[in-house]
Each structure stands twice: as C-alpha cells, then as structure tokens.
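The values are calculated or read from the model by the stated rules, or taken from the named source; none is laboratory data. For clarity, every value in this text was computed on a predicted model and none was experimentally measured. Methodologically, a virtual Cβ is constructed for each residue, glycine included, from the backbone with ideal geometry; neighbour enumeration extends over all protein chains shown.
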Amino acid sequence: MTTIEVQELTKVYGSTPAVDRVSFTVRPGIVTGFLGPNGAGKSTTMRMILGLDRPTSGTATIGGLPFAGAVQPLTLVGALLDASAAHPARTARNHLLALAASNRLSTDRVGAVLDEVGLSEVAARRVSTFSLGMRQRLGIAAALLGDPRVLILDEPSNGLDPEGIVWIRELLRRLACEGRTILVSSHLMSETAAYADHLLVLGKGRVLADAATDEFVRAFAEPCVRLRTLAGAHTREVLAGSGFTAVEGDSGRWMVRGARLEDVGPLLAGAGIPVLELADEHASLEQAYLALTSHAAAHTSGTTIQEV
C-alpha cells in the first residue's frame with residue numbers, strides 16, 4: 001500500500017510558523033478531503049509532501065520514502081497545485097508529450113488522458129487559448145499521465161462548469177475504488193461532502209480534525225430536530241421544561257436546535273402530545289466546518305477530533 005505519512009511537519013517563515021508540528025496519514029482506497037481557511041497551511045503542507053518546499057523540521061514520505069527521491073515521479077504521484085503551470089505557448093498535446101518524455105512514459109498515455117479529461121478535440125490548441133476550466137482539465141490530465149498510485153490535488157474543481165464538477169467527483173470516487181491514495185484540498189464544502197470519505201482540517205498551521213466525514217459532521221455540527229404537531233404551545237412548554245427551545249418555522253413545523261431525536265421523542269410521548277412529524281434535521285459538512293474553524297484557537301493539534 002502507498003500511504004502519505006506526515007510526522008511533526010513544521011515550516012517556519014521568519015518567526016511565523018506556517019505549519020506547526022503537523023502529523024497525519026493519508027491511506028489508499030478512500031478520498032481524503034483537506035480543508036482549512038486561507039492561510040491555514042494546506043498549500044505549504046502539500047508542497048512539502050512533494051518536496052517543493054523544505055520543512056524546517058519533521059518528515060513527509062510517500063510509500064515510506066521522500067518523494068524527491070522517486071526515479072519516475074509521475075508513476076508514483078500525480079499532482080495538481082497550479083492550473084497555470086503549463087507553458088502557454090505549447091499545445092495541450094505537446095505539454096503532455098514533454099512530461100511523458102521526462103518520465104520515460106509511453107506516448108500512448110497522452111491520448112488516453114486527453115480522452116479521460118475531455119480535451120482530445122482541442123489537444124492541438126495552445127494552452128494560452130484555454131479557459132480556466134480547460135486548464136484545470138489539462139492539469140488533471142498531467143496528474144493522471146503516469147497512472148500514479150497517489151494523487152494530490154489542490155482545488156481541482158476550480159473553474160469547472162457543473163458538468164465538469166460532476167465529472168471530477170465521479171473520477172475521484174473511481175480512482176479511490178481502484179485503491180489509490182487521494183488527497184484533495186478544496187474550499188467547496190458541498191463538493192467535498194460528495195466525494196470525501198475522510199477529512200483533515202487545518203487551522204493556523206495545526207491539525208484541528210482528522211476523522212471520517214460522517215464522524216466529523218456529528219462531532220461539530222449542532223444537532224437539530226424537526227417536528228410538526230397540532231399542539232404547538234404545549235409542545236413549546238414541555239420542551240422548555242427540559243431546556244430545549246422550539247422555534248416555529250414554515251408549514252407549521254418546529255425546529256428544536258441542540259436536541260436529538262432520542263431527546264425530543266420521549267418528552268413528547270410522555271406529555272401525550274400528538275406528533276405528525278418527528279425527524280433529525282441532517283447537518284451539513286459546511287455547518288460542522290464553520291463551527292470548528294470559527295474558533296480554531298480553542299482546539300489543539302492531534303490525529304483525532306479533540307477540543308480543549
């Protein structure tokens with residue numbers, strides 16, 4: 001198995017730590033989402049994993065070895081950090097052919113990845129004529145060129161149209177099912193929720209959370225129960241007696257924030273209140289993420305969800 005192992009990774013610029021003793025493992029067979037506010041240290045961490053920045057201390061390895069020592073790097077890791085990295089005067093095909101030659105890869109892979117990303121019909125056009133979305137697709141093609149075991153992608157959905165966003169989501173899921181190790185940085189919470197099995201969240205250069213996506217949402221999003229009843233006033237009184245506040249919404253529904261189904265159901269049943277609807281209101285990844293990062297200073301680094 002090819003894992004990404006990061007141990008006590010630190011990067012200090014002057015007296016400011018951009019990454020502060022970060023440790024985590026990215027495992028194969030799942031998509032790991034890499035989240036955090038601007039300036040949290042995500043890009044710096046990815047650059048150190050790829051050997052593009054030298055850490056102040058700590059280590060980052062892929063498959064047990066520093067990536068900088070890879071003989072054919074594109075067969076080990078495919079990376080997209082900057083969609084504008086391709087030379088603007090080259091055609092899309094020539095850009096990929098140059099990469100293939102530098103890694104001793106078959107030129108057959110060039111046509112295969114152009115087909116994969118949907119750029120075959122424009123392969124003879126210069127990169128300078130490409131839209132941002134097309135450059136993103138070309139960057140993903142370059143990442144896939146060596147049929148790598150590991151993918152590290154920074155904002156791969158940036159500039160893509162809705163069809164392209166669905167495509168990248170399905171691509172990531174398929175590659176994970178093939179047993180590859182995938183680390184994807186993104187600011188799009190809804191998209192991350194659609195493809196990420198596991199989450200790493202950085203804040204101020206430290207790990208705030210390292211957990212399965214569903215565990216993360218349960219841990220940080222405020223629970224909420226949705227209910228509908230004909231005895232609204234009585235319901236409010238009963239819930240208030242147990243410290244819950246019911247707020248009336250649309251269509252006669254009430255929302256009880258901070259409560260779970262197992263809290264509200266027995267209370268209403270015990271009071272003999274007729275219930276027409278009672279359900280947990282599913283929290284979103286965005287709600288959980290904002291709840292965590294809005295007070296990041298209150299959290300400590302670690303490899304599990306932890307609050308102090």
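With respect to the stated conditions, V127 is within 25 Å of E163 (Cα to Cα), touching a His at 6+ places or on another chain (Cβ under 7 Å) and assigned by TED's automatic domain parsing to the domain that holds V22.
Here the stretch 205-219 is the region considered, the condition is being of a type in the set (D, E) and within 14 Å of the chain's Cα centre (by Cα), and the residue that is modelled with the lowest pLDDT is D214.
Quick check: is even one residue across the stretch 126-139 out of contact with any Pro (no Cβ under 9 Å at 6 or more places or on another chain), under 27 Å from T3 (Cβ atoms) and surrounded by fewer than 21 Cβ atoms within 10 Å (Cβ to Cβ)? For the stretch 126-139, residues out of contact with any Pro (no Cβ under 9 Å at 6 or more places or on another chain), under 27 Å from T3 (Cβ atoms) and surrounded by fewer than 21 Cβ atoms within 10 Å (Cβ to Cβ): absent.
Within the stretch 140-149, if we keep just the residues that are in contact (Cβ under 8 Å) with a residue 60 or more places away in the chain and part of a helix (DSSP H, G or I), the residue that is surrounded by the most Cβ atoms within 10 Å (Cβ to Cβ) turns out to be I140.
Kindly state which helices (runs of 4 or more DSSP H) lie completely within the stretch 196-281 and contain at least 3 residues that are touching a residue at least 24 places away in the same chain (Cβ under 8 Å) and closer than 30 Å to L175 by Cβ.
In the stretch 196-281, 213-220 are the helices (runs of 4 or more DSSP H) which contain 3 or more residues that are touching a residue at least 24 places away in the same chain (Cβ under 8 Å) and closer than 30 Å to L175 by Cβ.
Only residues that are in contact with a helix residue (DSSP H, G or I) (Cβ under 9 Å, 6 or more places away or on another chain) and closer than 14 Å to D280 by Cβ were counted in the stretch 245-261, giving 3.
Among the residues of the stretch 150-188, those identified as in contact (Cβ under 8 Å) with a residue 12 or more places away in the chain and part of a loop (DSSP other than H, G, I, E, B) are E155, P156, S157, N158, G159, L160, D161, G179, R180, S186, H187, L188.
Within the stretch 98-121, the residues that satisfy the criterion of being surrounded by 18 or more Cβ atoms within 10 Å (Cβ to Cβ) and more than 28 Å from the chain's Cα centre (by Cα) are A100, L105. Annotation: of all residues in the stretch 207-263 being within 30 Å of T10 (Cβ to Cβ) and acidic (D, E), the one that is surrounded by the most Cβ atoms within 10 Å (Cβ to Cβ) is D210. Scanning the stretch 5-20 for residues that are at pLDDT 95 or above and hydroxyl-bearing (S, T, Y) turns up just one, T10.
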